Amino acid sequence: LDNWGLAAEYRFTSETNYIKYGYGFYDINPKWQLQFGINKVPFGNPEFISNSFWFGLPYYLGFEDDYGVGVAAKYQNGSSLTEVAFIKNAVYGSSDHRDFAGTVAKGSIGDIDYNNEETNTIAGRQSFTLNSGDLTTVIGASVEYGQLYNSEFGENGDTLNYAVHLDMNYDGWGFQAQYLAYDYDQYDDGRIDPNKIGMGMLDSFFEVASKGNIYTANLSKNIATSWGSYTIYNDFSMVQPDFDEYDDSILNTTGVSLSYGPVFVYVDYYAAKNVLWLGGNSLGLTQANDDWDHRFNINFAYYF
């Protein structure tokens, strides 16, 4: 309505239901937009850093398609896009693990209790879109800083994360690359191992290495046909923990997505090592064995 707008998405699953995002926005002028509500956190590649249904490993650590409650602003000036946001807290309470992407939260793993929650986070991303003939290149960098509040002791830890990212498209070919460094420095109450931290998402709770690097490299090819289009891709991502006693987590996805009118289909083959929900129960921690786990997955969607 004029310069005002509203965007929201609510999802229902067989096990739970949750809001993914929901925000109002105001276009101050053609360059400036303000958003308020459950906003997308401006961190990492401006769009997705994956092509598949399963996403990449940054998603499970809270760095892809992530949302929080707060205010955000976008400034588009030619090829330059500047985005900043203040995120007060996660979408759901710290003990309600329904957030869409990985979120530091409260919960228990065995006899270990985690009492952290994300709060007062500032995130910023600067990206540039460069065009040369059929080649489009988006380059950028992101930074994020926030508090990790321990409600049991009334003390704060903090988190500092940064990333550089590249997204290229040429004649249907796509290439994405990202380097991301993260550090969840929780308040050490003397009863926990500070080298790992608890996170919640999609009604689940799990442990991850509290500090490390995430590497992502994806290659794709989109092919248009008379009936629609399909995209062939290979997505690779790896979590490299910053602790010698832990092991890398690796996920490689080879697949194809098909788009035909209102129908969209993913056909994926996952090869994973030490990966949550693909043979493992954590990310970047000690793996139970040196085996690769595999899964074949088909996702069918109809949009109306």
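The values are calculated or read from the model by the stated rules, or taken from the named source; none is laboratory data. Every value quoted in this text rests on a predicted model; they were computed, and no experiment measured them. No Cβ is skipped: glycine too gets one built from the backbone with ideal geometry, and neighbour counts run over all protein chains shown. These area figures cover heavy atoms from the full protein model, side chains too; ligands, DNA and RNA do not enter into them. Shrake-Rupley method; radii C 1.70, N 1.55, O 1.52, S 1.80 Å.
Okay, here's what the table says:
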quantity	calculated
Among GLU15, GLU64, GLU47: highest mean-square fluctuation, GNM of the chain, C-alpha pairs under 10 Å	GLU15
PHE36 accessible area, 1.4 Å probe, all protein chains in place, Å² to nearest 10	90 Å²
Set of the range 81-104 residues, backbone N closer than 20 Å to the point 7 Å along the Cα-Cβ line of ASP113	93-97, 104
Förster radius 25 Å - calculated FRET efficiency between ALA271 and TYR162, Cβ distance, rounded to 0.05	0.30
Whether the range 77-222 is rounded, prolate or oblate, judged on the alpha carbon gyration tensor where a/c under 1.5 counts as rounded	prolate
Per-residue ³J(HN,Hα) for the range 89-97, Karplus 6.51 cos²θ - 1.76 cosθ + 1.60, θ = phi - 60°, Hz, x for Gly and Pro	6, 5, 5, 10, x, 5, 9, 9, 9
Of (i) 64, 38, 36; (ii) 61, 49, 37; (iii) 65, 48, 39, the label for Cα extents along the principal axes in Å derived from the coordinates	(ii)
Listed residues ASP189, ASP203, ASP158 arranged by accessible area, highest first, probe 1.4 Å	ASP203, ASP158, ASP189
Table column - 3J(HN,Hα) (Hz), the range 184-193, Karplus curve with 6.51, -1.76, 1.60, x for Gly and Pro	9, 9, 6, 5, 8, 8, x, 10, 10, 8
Inter-part distance where the range 250-267 and the range 168-186 are each reduced to a Cα centre, Å	19 Å
Value of [θ]222 nm, deg cm²/dmol, for the chain, DSSP H segments ≥ 4, -39500 (n - 2.57) each, nearest 500	0 deg cm²/dmol
Segment SER95-PHE153, extension gain: residue separation times 0.36 nm, minus the distance between their alpha carbons	19.3 nm
Relative pair counts by distance (%), Cα atoms of the range 137-275, 10 Å bins	10, 29, 31, 19, 9, 2, 0
Solvent accessible area, Å² - TRP4, 1.4 Å probe, full protein context	140 Å²
Added length on full extension, which subtracts the Cα-Cα distance from 0.36 nm per residue, ASN299 to PHE12	101.7 nm
Nearest-10 value in Å² for the accessible area of LYS211, using the 1.4 Å probe	80 Å²
With every protein chain in place, the range 153-234: carbon and sulfur % of accessible area (1.4 Å)	53 percent
Exposure rank, largest accessible area first [THR254, THR136; 1.4 Å]	THR254, THR136
Farthest positive-ward along the range 3-154 dipole, Cα basis, beta-carbon charges - from ALA8, ALA85, TYR75	TYR75
Cα centre as origin, Lys/Arg/Asp/Glu Cβ charges: the range 112-197 dipole, Debye	380 debye
Per residue accessible area of the chain, 1.4 Å probe, in Å²	48 Å²
Along each principal axis, Cα extent of the range 9-49, largest first, Å	42, 24, 12
Per residue convex hull volume, Cα atoms of the range 129-202, in Å³	119 Å³
Listed residues GLU117, GLU245, GLU207, most fluctuating in the chain (Gaussian network, C-alpha, under 10 Å)	GLU245
Over 28 Å (Cα to Cα) - which of LYS20/LYS196; LYS40/LYS211; LYS88/LYS273; LYS20/LYS88; LYS31/LYS211; LYS74/LYS196 fall in this group	LYS88/LYS273; LYS31/LYS211; LYS74/LYS196
For the range 1-155: relative contact order, % (alpha-carbon pairs under 8 angstrom, 6 or more apart)	18 percent
Net charge of neighbours whose Cβ lies under 11 Å from the Cβ of GLY56, counting Lys and Arg as +1 and Asp and Glu as -1	-3
Per-residue ³J(HN,Hα) for the range 34-51, Karplus 6.51 cos²θ - 1.76 cosθ + 1.60, θ = phi - 60°, Hz, x for Gly and Pro	9, 10, 8, x, 8, 9, 6, 6, x, 8, x, 3, x, 9, 6, 10, 6, 10
Net charge over other residues, Cβ less than 14 angstrom from the Cβ of LYS273 (K, R count +1; D, E count -1)	-4
By accessible area with a 1.4 Å probe, ligands and nucleic acids excluded, highest first: order of SER237, SER14, SER95	SER14, SER95, SER237
